[in-house]
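Visitor: This is the structure I have questions about; it appears just below.
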């Protein structure tokens, strides 16, 4: 049984919703890192997939090169049905108890997820902000911690499930209508300069 990192909604957003937001918030305007670190717990994924009282914390990783290319990928048949044939600029995944031994659990989860999905030469990483959507039942139980990872090369490991390439950040716009919702929100923030790339 997979256990995943969660934070109670009222702990994350405040008992009166004073920290609640929808969309992307830069780390400077919504630093929820300490709140997450002080209030997280691990619960069976099956218990929280349909329970909006909890937000599953998901590292959402943008891989960006020094010449402003971003890793863009498409999920193929065999991946999660709701994401098949959708494009994404973020590599994401759950944080598990194995990550809790590190001094920074979010960074440990981010690094593990990145290493599972792609071969890369990451030189640096930074937590840039947070992502919250509430439109769908899936949105209501997930919360993104958006990281920018800088490096020169990245390659997909699971070629049967994913196709990916580095594209100029501006050129990624032509895939916008085919992107999953989190990618659209983060791409917009990137273009507005809210994410330091």
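Any read-out appearing in this document is the output of simple, stated calculations on the displayed coordinates, not a laboratory observation. Note that the structure is predicted; figures quoted are calculated from it, not measured. Cβ: placed from backbone, ideal geometry, glycine included. Neighbour counts: every protein chain shown.
Visitor: Using only Cα atoms, locate the centre of region 92-158 and the centre of region 159-187, then give the distance between them in Å, rounded to an integer.
Guide: Rounded to whole Å, the Cα centres lie 16 Å apart.
Visitor: Modelling each spin label as a point 7 Å along the Cα-to-Cβ direction, I'd like the residue 153/residue 138 distance in nm, to one decimal.
Guide: 3.2 nm
Visitor: Of 14, 23, 144, which is the most mobile in a GNM of the chain whose springs link Cα atoms less than 10 angstrom apart?
Guide: Among 14, 23, 144, the largest mean-square fluctuation in the Gaussian network model of the chain belongs to 14.
Visitor: Name the most mobile residue of 60, 187, 125, meaning the one with the largest mean-square fluctuation, in a Gaussian network model of the chain with Cα contacts below 10 Å.
Guide: Of the options given, 125 has the highest mean-square fluctuation.
Visitor: Here is a further query. As I understand it, the value is the acute angle between the Cα axis of helix 105-117 and the longest principal axis of the Cα atoms of the chain; what does it come to in degrees, rounded to 10?
Guide: With rounding to tens, the tilt is 40 degrees.
Visitor: If the chain between residue 168 and residue 47 were fully stretched, how many nm would it gain, using 0.36 nm times the residue separation less the Cα-Cα distance?
Guide: Details: separation 121, 0.36 × 121 = 43.56 nm, distance 4.00 nm.
Between residue 168 and residue 47, full extension yields an extra 39.6 nm.
Visitor: Okay, moving on. How big is the antiparallel share of DSSP beta bridges in the chain, given as a percent to the nearest 5? Please report the intermediate quantities before stating the final value.
Guide: On the way: 33 of 44 bridges.
Around 75 percent antiparallel, to the nearest 5.
Visitor: 222 nm [θ] for the chain, helices only, -39500 (n - 2.57) per DSSP H run of 4+, per residue, to 500?
Guide: On the way: 5 runs with 40 residues, N = 197.
Mean residue ellipticity at 222 nm (helix-derived): -5500 deg cm²/dmol.
Visitor: Have a look at 158, 113, 49 and tell me which one the Gaussian network model of the chain (Cα, springs below 10 Å) gives the largest fluctuation.
Guide: Per the Cα network of the chain with a 10 Å cutoff, 158 tops the list.
Visitor: Taking Cα atoms, how many degrees apart are the long axis of helix 181-191 and the longest axis of the chain, rounded to 10 and kept between 0 and 90?
Guide: Between the helix axis and the principal axis of the chain, the angle is about 70 degrees.
Visitor: Multiply the residue separation of residue 2 and residue 30 by 0.36 nm, subtract the distance between their alpha-carbon atoms, and state the gained length in nm to one decimal. Could you put the intermediate results ahead of the total?
Guide: On the way: separation 28, 0.36 × 28 = 10.08 nm, distance 2.93 nm.
Between residue 2 and residue 30, full extension yields 7.1 nm more.
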